[in-house]
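What follows is a single structure, written as structure tokens, with notes after it.
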């Protein structure tokens, strides 16, 4: 059973639905405004060389770009380091990370702006483009 209603009267698409889970219990989900997206996990550093990204552009270690598994290429994401509160806006131009528990791969420039090298706990929020 699927029920979907789109409400765009305020310019923000909201999807409200009821989905039957595999065990037969109903789950209610609300996928709302693009401003409400938030994800937490581990960030890692990648793109030390200028190899090609999944979007077709060359990786630039000095640029504020990142890899995410599902966000569209060109999406701007606000990444906040939970340890020190520093944040930076990066543009998604690649796919990854492909390690369990990691939510985003940032370039060395992004990691420097966030104040970490290696791994860091982060919060992701969609930024207004």
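A few notes on this one:
- Alpha carbon centroid spacing (whole Å) that separates segment 40-64 from segment 87-129: 9
- Overall shape of segment 35-126 was characterised from the C-alpha gyration tensor. The equivalent ellipsoid obtained from it has semi-axes of 18, 14, 12 Å, in decreasing order.
Read-outs: derived from the displayed coordinates by stated rules, not from any lab. Since this is a predicted model, take the numbers as computed values, not measurements.
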